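Peer 1: Let me begin by handing over the structure; questions about it come next.
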Amino acid sequence: MKSSLTFFATIVAVSVLLFSVVPTNACEQSCRTGISLAFGDNYSKEVDKLFPTLSDDLKNHLVDGFSGSISSATKSSFNKIIDDETDKCKKAFTGNFAKLIEDSIFNQAPQFKGQCQHPLRVNQPPPGVAWTMDDCQNQDYICGNPPAVCHYMDQIVKPRNVKNVNESLKDRLSTNGSCYSSLIRSLIIAAAKSNIKASDLDSFATAIEKNVGQQYSTFTTLFEHEFCRGTTCDKYDHDIKVKLLSYP
């Protein structure tokens, strides 16, 4: 009986020990979503600065090489379509940032996942208390807590985010992408309803397919050179870190 009681007491003690050890929590879904939105909302501000260039260049070069007659009213309708479609494209592009950035940080290698107490660098703050900037500094290996993401923002997180944003835009603006096909379709439908001669519609379609493709390609190159290049997006770092460190 004594040995059974001793065994039982040992099991209870081990169980208490196991469940009393509070690991440094990983970044849960609310944390992952919040961090991704913090990056995405700020990146969207930079996108807003660049997209007017795309709209203007499309308007200026849409009918290059087309020899048919286009009335000023028809040209105005094309310009409105360009504005509307470019805005729709931008919203779809930036609307995907949260998902894109969450994947970038937490699913792509090296993943910010896994336990953060081997070795323990920072202590989990009590509920309702944020991590500190010292925690950000001290969590010097990749794992799943917010200070790890914070620590590697410049070295890993931001460059990977920017790379994935650029690749996402290239996909959308490629000739196989959703933005390209939607704009071309809308313009051809408008042209068919306009005063452009029926015999000129094929050459019109050929011209705009070429010109839209060229302007999209030019813009993706411009975007890659301008979006969050150098220190452009550093102004958002502090607010993103504060948001990040507010999650348990």
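Peer 1: In the neighborhood of Gln214, defined by Cβ-to-Cβ distances under 11 Å, what is the net charge if each Lys or Arg adds +1 and each Asp or Glu adds -1?
Peer 2: Neighbour charge sum, excluding Gln214 itself: -2.
Peer 1: A further question follows. Could you work out the per residue convex hull volume over the alpha carbons of region 197-236, in cubic angstrom? Display every interim value, and only then the final one.
Peer 2: Values: hull volume 2.4 nm³, N = 40.
About 60 Å³ per residue, rounded to a whole number.
Peer 1: Ignoring ligands, DNA and RNA, what percent of the accessible area of region 21-245 is carbon or sulfur (1.4 Å)?
Peer 2: Here it works out to 50 percent.
Peer 1: Follow-up. Considering only protein heavy atoms, what per residue accessible area in square angstrom results for region 21-245 with a 1.4 angstrom probe?
Peer 2: Solvent-accessible surface per residue comes out at 50 Å².
Peer 1: Here is a further query. Under a point spin-label approximation (7 Å from Cα along Cα-to-Cβ), what is the Lys80-Asp103 distance to one decimal in nm?
Peer 2: Output for this residue pair reads 3.6 nm.
Peer 1: If I build a Gaussian network model for the chain, linking alpha-carbon pairs within less than 10 angstrom, which residue out of Ser72, Ser104, Ser182 has the largest mean-square fluctuation?
Peer 2: Ser72
Peer 1: Taking R0 as 30 Å, what FRET efficiency do you get between Ser199 and Leu222 from their Cβ-Cβ distance, rounded to the nearest 0.05?
Peer 2: Result of the calculation: an efficiency of 0.25.
Peer 1: Could you give the length gained on full extension between Gln29 and Thr53, defined as 0.36 nm per residue of separation minus the Cα-Cα distance, in nm?
Peer 2: Full-extension gain reported as 5.0 nm.
Peer 1: Would you list which lysines come within 28 Å of Lys243, measuring only between C-alpha atoms, while excluding same-chain residues fewer than 8 positions from it?
Peer 2: Hits, sequence-local ones excluded: Lys45, Lys49, Lys90, Lys91, Lys99, Lys113, Lys158, Lys163, Lys235.
Peer 1: Could you check the spin-label model distance between Gln115 and Val129? Points 7 Å from the Cα along Cα→Cβ, value in nm.
Peer 2: Result: 2.3 nm between the two label points.
Peer 1: Given 0.36 nm per residue, what is the gain on full extension from Ala190 to Asp237 after removing their alpha carbon distance, in nm?
Peer 2: Stretched fully, the Ala190-Asp237 segment lengthens by 12.5 nm.
Peer 1: Show that you can apply the helix-only estimate: for the chain, add -39,500 (n - 2.57) for every DSSP H stretch of four or more residues, divide by all residues, and state [θ] at 222 nm to the nearest 500.
Peer 2: About -22000 deg cm²/dmol.
Peer 1: If a/c stays under 1.5 just call it rounded; otherwise compare a/b with b/c (prolate if a/b is bigger, oblate if not). Do that for the chain, with a ≥ b ≥ c from the square roots of the Cα gyration tensor eigenvalues.
Peer 2: prolate
Peer 1: I need the calculated FRET efficiency for the pair Thr206 and Ser174, taking r as the beta carbon distance and R₀ as 30 Å, to the nearest 0.05.
Peer 2: Efficiency computed from Cβ-Cβ geometry: 0.95.
Peer 1: Given a 10 angstrom Cα cut-off, can you work out which residue in Ala198, Ala98, Ala190 is the most mobile in a GNM of the chain?
Peer 2: Fluctuation is largest for Ala198.
The values are calculated or read from the model by the stated rules, or taken from the named source; none is laboratory data. These numbers come from a predicted model, not from an experiment. We place every Cβ from the backbone using ideal geometry, glycine too, and count neighbours over all the protein chains shown. Ligands, DNA and RNA are excluded from the accessible area calculation, which covers all protein heavy atoms including side chains. Shrake-Rupley method; radii C 1.70, N 1.55, O 1.52, S 1.80 Å.
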